[in-house]
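To keep things clear, I will list the structure first and then write my remarks on it.
The values are calculated or read from the model by the stated rules, or taken from the named source; none is laboratory data. Worth saying up front: this structure is predicted, and the values here are computed from it rather than measured. With ideal geometry, Cβ positions are generated from the backbone for all residues, glycine too; neighbour counts draw on all protein chains shown. SASA here: full protein model, heavy atoms, side chains in, ligands and nucleic acids out. Shrake-Rupley method; radii C 1.70, N 1.55, O 1.52, S 1.80 Å.
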Amino acid sequence: MADTPPAADDPHLWLEEVQGEKALAWVRERNAETLKLLSAREDFAPTRTKLLEVLNSKDRIPAVTRRGNWLYNLWQDATHKRGLWRRTTLAEYRKAQPQWETVLDLDALAAAEKENWVWGGVDCLEPAQRLCMLSLSRGGADAKVIREFDIERKRFVDGGFVLPEAKTDVAWADADTLYVGTDFGSGSMTDSGYPRILKRWKRGTPLAEAKTVFEGRREDTWVGVSVDHTPGFERTLVVRALDFYRQETFLLQGDTLQRLEVPDDARIRFMHSAGVAGDTLLLELRSDWRVGERVHPKGSLLAADFPAYQRGERRFQVLFEPTETRSLAGVATTRTHVLVNVNDNVIGRLEEWKREADGRFVRRVVDAPSPGNLGVVSLHEPARRDDPLAEQYLLSYTDFLTPDSLLLGRTGTDRREPLKSLPPSFDSIGMRAEQLFATGRDGTRVPYFVVWPRGAKADGSNPTLLYGYGGFQISLEPWYSRGMGAAWYSRGGVLVVANIRGGGEFGPRWHQAAIRENKQRSYDDFIAVAEDLVRRKITSARHLGIEGGSNGGLLVGAVMTQRPELFNAVVCQVPLLDMKRFHKLLAGASWMAEYGNPDKPEDWAVISRYSPYQNVRRDASYPVPLFTTSTRDDRVHPGHARKMVARLREYGHPVLYYENIEGGHGGAADNEQRATLQAIEFTYLWQRLARSD
């Protein structure tokens, strides 16, 4: 194992002081070293320029959220680095150059208030959606300042609701009442750093006088609330998250809480609309569930009449059941349809289920674009009785070589209206993408995608970047990357995306096969893909680099320490690395359902075998790695990356490090910062992996 002292004697603990003067001086010194080395290369400046042009390009599809008669978008470019929150109508959005109305200029707000504000999201009171609680983050942190905003007057409400910086959950009860979970003082947050106490706060009263509605336990992950304002179906749900995957859900009726009798790891949603009969409960299962004589497998989607369910009936219609290759990728609802996004061998398919007048659902397979990545967003607002968009939805499509497109769909037909499409940002003629399979250590078939640049041959000399994640049931599906086109494909780089266990590509079973005591399977799968690339002569160890962020940072950190001879570059982004202390740092306690509890000897016996920080060896020969993180990341503590770099340096191993002083868990707060960070990564990869000829 490791020659690392126990955590109590860790000489690098001081680097966990995020804003400590000594720690930040160390960060600035490492940053300067990395920038001096990489910015001196002749390809750094032009790479950064290309990436910034991509990030600031006007040729982007504005992502929109419907609120009433408007479509809202946050737009960032060279002029608006923090962003413009703006809106337009669907009729305007159809045009090549829509007219946008500015609702809030974040750059102007930040300058006026002398704050480094980053957009944090908004929650508006239905059905009017005029009053909103608008979240602002300092430097991209998860903790937010939340202020009441009048969306019609386009200004903050004088004397309105204001919540100070914290990790907060907020929902409108009515125009003069909020449900609030926040940092109310000592003992009010969970061990994971999220709200433990939920209160009802009346307008015009101090927050300190808010009435407690619910209290969770310190060892819970969080406590939250959601309010459904649909006329005829009004309900408030209080959620107590027991861990990252399990929760208890309660109906709040007056001051009484009624537990919903559903599996604690099932995902719950409702389908109902104002003025329409029918109240359907939708359950997405993460574990097998026996109901009577039938066992519904994990990954299924079930529908039931909710009033009947509350009376004790357990009659379901199965809207989706997984197979070895098919899993549930997403669900959206219109007034009368459930839209089911299916992953079939990591390729998107779409089905719709119509709820008939008698409550039965009828299935129709949608002729959707393929083979690639589908995204479905319903435009229906259930609280609107006469919703003109009740059966319409946005359908997005992309794959590795096809630019993103956005279409307006309607249930019951395969006819769609093209709304937006990106022009090609790189020449894909002569390029190709394919799906291959590696054989894992235990015989499991592990799929992966290979994106070949023009003219590349399987001769073992291709600069190749292998990307992975493998955790929290998150799937890696095909995407069109203009940044990769500008800085990687165009120079002859191969991209490989590994769909390893721990991810969600094949549903809960694929995820659950590589958690806790079986986490090593993620790393074995990733290694198997790397070995398969070498076996097929797609690349060789000399030209193979790996990259991952967050849990993916743990992945590449673990693999680097286990098989250093297999790679020549490692890009480790906003990572977890000290798995002895991950649960004690920021939100780390919430991830024990994924990794286990290192304070338990039986769990640490497993974790200690792969925890990168504890497995750095003096006598190993590692590829020179690049670690990146953000000072303002209040989800994964920057101390993980800092300490790993310090440990490698302590043992005499060369290493590069860059820590953005802002940026949150995304690593950067604006496009200038993103371009710099990406240029550092691409320049490093070319330095390490380029052909010598």
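With respect to the conditions (1) open to solvent by 60 Å² or more (accessible area, probe 1.4 Å); (2) free of Cβ contacts under 8 Å to residues at least 24 places away in the same chain; (3) over 27 Å from the mean Cα position of the chain (by Cα), ALA25 falls short on a single one, namely (1). Every condition in (1) outside any strand (DSSP E or B); (2) among the aromatic types (Phe, Trp, Tyr); (3) touching a residue at least 60 places away in the same chain (Cβ under 8 Å) holds for TYR393 except the one numbered (1). Figure legend. Inter-residue proximity from the range 432-446: first residues without any contact (Cβ under 8 Å) to a residue 24 or more places away in the chain, second residues among the aromatic types (Phe, Trp, Tyr), beta-carbon distance below 7 Å, spacing 6+ or different chains. Indicated pairs: ARG445/PHE437.
Only one entry in CYS124, CYS132 is buried (at least 17 other Cβ atoms within 10 Å of the Cβ), in contact with a Cys (Cβ under 9 Å, 6 or more places away or on another chain) and either in contact (Cβ under 8 Å) with a residue 24 or more places away in the chain or basic (Lys, Arg) (or both), namely CYS124. Counting only strands (runs of 3 or more DSSP E) that fall entirely inside the range 447-554 and contain at least 1 residues that are in contact with a Lys or Arg (Cβ under 7 Å, 6 or more places away or on another chain), the qualifying elements are 544-549.
Count of the range 409-422 residues, restricted to those that are among the hydrophobic types (A, V, I, L, M, F, W, C), assigned to a strand (DSSP E or B) and either over 29 Å from PHE270 (Cα atoms) or without any contact (Cβ under 8 Å) to a residue 40 or more places away in the chain (or both), is 0. For ASP279, indicate whether it is farther than 19 Å from GLU248 by Cα and touching a helix residue (DSSP H, G or I) at 6+ places or on another chain (Cβ under 8 Å). Here the answer is yes, as ASP279 does meet what is asked.
Selection within the range 563-594: residues that are in a strand (DSSP E or B) and open to solvent by less than 10 Å² (accessible area, probe 1.4 Å). The member of this set that is nearest to GLY639 (Cα to Cα) is CYS572.
Total residues in the range 36-60 satisfying the condition of being in contact with a strand residue (DSSP E or B) (Cβ under 9 Å, 6 or more places away or on another chain) and buried (at least 16 other Cβ atoms within 10 Å of the Cβ): the figure is 2.
Here is a yes/no grid of residues against (1) of a type in the set (Lys, Arg); (2) modelled with pLDDT under 95; (3) surrounded by fewer than 23 Cβ atoms within 10 Å (Cβ to Cβ); (4) on the phi > 0 side of the Ramachandran plot:
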position	(1), (2), (3), (4)
GLY557	no, no, no, no
GLY596	no, no, yes, yes
PRO601	no, no, yes, no
GLN614	no, no, no, no
HIS637	no, yes, no, no
MET644	no, no, no, no
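The sole residue among ARG635, ARG691 that is closer than 20 Å to GLY20 by Cβ and among the charged types (D, E, K, R) is ARG635. Of the strands (runs of 3 or more DSSP E) contained entirely in the range 196-305, those carrying at least 3 residues that are aliphatic (A, V, I, L, M) fall at 222-228, 235-241, 280-284, 301-305. Candidates in the range 334-363 are the residues that are assigned to a strand (DSSP E or B) and either free of Cβ contacts under 8 Å to residues at least 12 places away in the same chain or of a type in the set (Lys, Arg) (or both); of these, the one that is farthest from PHE270 (Cα to Cα) is ARG349. In summary, ARG314 fulfils each of the numbered conditions (1) in a loop (DSSP other than H, G, I, E, B); (2) farther than 30 Å from GLU417 by Cα; (3) open to solvent by less than 40 Å² (accessible area, probe 1.4 Å) with the single exception of condition (3). Among the residues making up the range 91-104, those that are out of contact with any strand residue (DSSP E or B) (no Cβ under 6 Å at 6 or more places or on another chain) and open to solvent by less than 70 Å² (accessible area, probe 1.4 Å) are ALA91, GLU92.
Residue-level analysis places TYR657 among those that are surrounded by 22 or more Cβ atoms within 10 Å (Cβ to Cβ) and modelled with pLDDT of 90 or more.
Residues that are among the β-branched types (Val, Ile, Thr), within 28 Å of GLU659 (Cβ to Cβ) and touching a helix residue (DSSP H, G or I) at 6+ places or on another chain (Cβ under 9 Å) number at least 2 in the following helices (runs of 4 or more DSSP H) confined to the range 1-108: 21-39, 44-56. Looking only at the range 447-464, which residues are farther than 19 Å from ASN373 by Cβ, aliphatic (A, V, I, L, M) and surrounded by 22 or more Cβ atoms within 10 Å (Cβ to Cβ)? If the condition is that a residue be farther than 19 Å from ASN373 by Cβ, aliphatic (A, V, I, L, M) and surrounded by 22 or more Cβ atoms within 10 Å (Cβ to Cβ), then ALA456 is the only one that fits. With respect to ARG542, is the statement that it is within 17 Å of LEU648 (Cβ to Cβ), of a type in the set (D, E, K, R) and at pLDDT 95 or above true? No, not satisfied. Scanning the range 135-160 for residues that are out of contact with any Gly (no Cβ under 9 Å at 6 or more places or on another chain), open to solvent by 50 Å² or more (accessible area, probe 1.4 Å) and either among the small types (Gly, Ala, Ser) or part of a strand (DSSP E or B) (or both) yields a count of 2.
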